[in-house]
Every structure is written in C-alpha cells, then in structure tokens.
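Some notes on the structure that comes next.
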Amino acid sequence: MSVLAFAGRNLKEIARDPSAFLILMALPVGLLLMLGTIGRNTGLSDFEIEALAPGLAVFSLAFVALFGGTLLAGDRASSFLTRVLASPLSTTGLLVAYALPLVALGLAQGVVCFVAAMFMGLELTANLLLALVVLAPSAVMFVGIGLLLGSALSSSQVGAAASGLITFATFVGGYWMDLAVLGDGFAAVARMLPFVHAADAARAAVTGDFGSIGGSLLWCAGYAIAVFALSVVVFRRRSRAG
C-alpha cells in the first residue's frame, strides 16, 4: 500500500463523518462572529478583524489535532493497522498518510475563516494567500500533536488530552488577546512554545509585515519536525509492544 493510497483511505474516513467535518468548518466562523461582535462593541484592538481572523485560523487547528488523534487511536484499537503494518509501508509513511488529509482539512478551515472574515471587513488581498501558506507549518505541528496523542493513547484518552491541549493553547497562544495582560513572565514562557508564534506569523502575513514572518515560522517548523518525529518513535514502540 502506498502513502497516497492510504491517505485516500483516511480522507474517506474523514468524509464518512460529515457532522464532524461541518463542525470543524463552522467552528472558526462561529467564534469569528462572536468575538468580532465583541470587538465592534468594545473597540478593543485585539478583536480587530485583521488580528482576530488569523488568530482564530490557528486556534481552529487544535480541533484538527483532536480529530486526527481520535482517528489514529481508533485504527490502533482495530485489526486494521495490523494488516497495514504488514505491508511495505513504513511507520513514517503511515503517519504521513494520516497527516496529509488532516493538514488539508486544517488549511480548508483557514480558507473558510478568511472568507467569513471578508464579510466582516477583512480586505481581500494577496496577503491572504500568503497567510494560508504560512498556516501550513502550524497545521503540520498541530496534526503532529494529534498523531502523537493517537499513537500513545486510547480513543477515550485522546479526547481528554486534546481538550487539555485546546485549553492550554488558548491561554498561551494569544489568539484573541495580548499575552502581556497576563504578565511579562507568563508571556516569556508562552513565547518558548510554538502556539503564539503560529498566530504571530499568520497575523504578520495578513497585515503585510513580511519581515516578522520568518522568525515565527522557524519556531513552528522546528516544533512541527520534532513533534512529528516523536510521534513516529512512539507509534513504532507502541506497535511493537502490541
């Protein structure tokens, strides 16, 4: 079985649950409408559409991590992966096959979020296309976290762990608030993690602050590589352990 063939199978599994797919697509739109309304009524700069839309596009990727982790954990609990592992497909290739449709799903969320934001005043420019490109390393990072959870935990455990990830990312990601309001120490610790850098890179792309994109992307790319590599190691060990 090839990577692309298995990725196609995983895409079909995702499409088999249209309600979950619709929720993933509707999530950034619902949050955008709610927080955008707060921004218009309060005049807070953190809720301006140019800052809010890219932040929510990144935040929504955490839910793709939950989706991917649950999918992988469910396959691990069945005999399906036992048969797949007997094929020439390597562990890395297998996880790449899981990641490809999930990353595409995360980028689709970004498209939906930015289209919705245009109805709320976000200007349509080429910067939005750049922002989608910038979202790709963040999508790989979140998907890698989901696959790591799916490699290490059961389906029920993945749900609890991913919920914790979503809550944690909300506090340290600065998706709709300036981390400085939580204190300089908290902000310094948060900037050692990739979540706020993912939001910073997307915002810089949307606003055309091209010089600020590179450094933030390096954080995201570094964490993406590390998390994905760790998920390969954990999955391989769990598979050998039976």
Residue check, residue 88 against (1) open to solvent by 60 Å² or more (accessible area, probe 1.4 Å); (2) under 14 Å from residue 53 (Cβ atoms), all met but one. Which one? (2)
Among the candidates 183, 150, 173, 146, which residue alone is open to solvent by less than 20 Å² (accessible area, probe 1.4 Å) and farther than 25 Å from residue 30 by Cβ? 150
Test for residue 173: is it more than 20 Å from residue 60 (Cα to Cα) and either at pLDDT below 90 or small (Gly, Ala, Ser) (or both): no
Within segment 73-90, which residues are modelled with pLDDT of 80 or more, closer than 25 Å to residue 160 by Cβ and not basic (Lys, Arg)? 73, 74, 75, 77
Picking from 105, 122, the residue that is in a helix (DSSP H, G or I) and in contact (Cβ under 8 Å) with a residue 40 or more places away in the chain would be 105
For segment 27-52: of the residues being free of Cβ contacts under 8 Å to residues at least 12 places away in the same chain and assigned to a helix (DSSP H, G or I), which is nearest to the chain's Cα centre (by Cα)? 30
Going by the conditions given, is residue 172 farther than 28 Å from residue 97 by Cα and either part of a helix (DSSP H, G or I) or touching a residue at least 60 places away in the same chain (Cβ under 8 Å) (or both)? yes
Do we find a residue being open to solvent by less than 50 Å² (accessible area, probe 1.4 Å), assigned to a helix (DSSP H, G or I), more than 21 Å from residue 130 (Cβ to Cβ) and not aromatic (Phe, Trp, Tyr) anywhere in segment 197-220? no
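Consider segment 125-136. How many of its residues are assigned to a helix (DSSP H, G or I) and either surrounded by 24 or more Cβ atoms within 10 Å (Cβ to Cβ) or of a type in the set (Gly, Ala, Ser) (or both)?
4
Tell me the residue from 28, 54 that is crowded, with 17+ Cβ neighbours inside 10 Å and either β-branched (Val, Ile, Thr) or modelled with pLDDT of 85 or more (or both), please.
None of the other options fit; the residue is 54.
The values are calculated or read from the model by the stated rules, or taken from the named source; none is laboratory data. Quick caveat, the model's predicted, so the values are computed rather than measured. Cβ: placed from backbone, ideal geometry, glycine included. Neighbour counts: every protein chain shown. The protein model used for the area step is the full one, side chains on, heavy atoms only, and it has no ligands, DNA or RNA in it. Shrake-Rupley method; radii C 1.70, N 1.55, O 1.52, S 1.80 Å.
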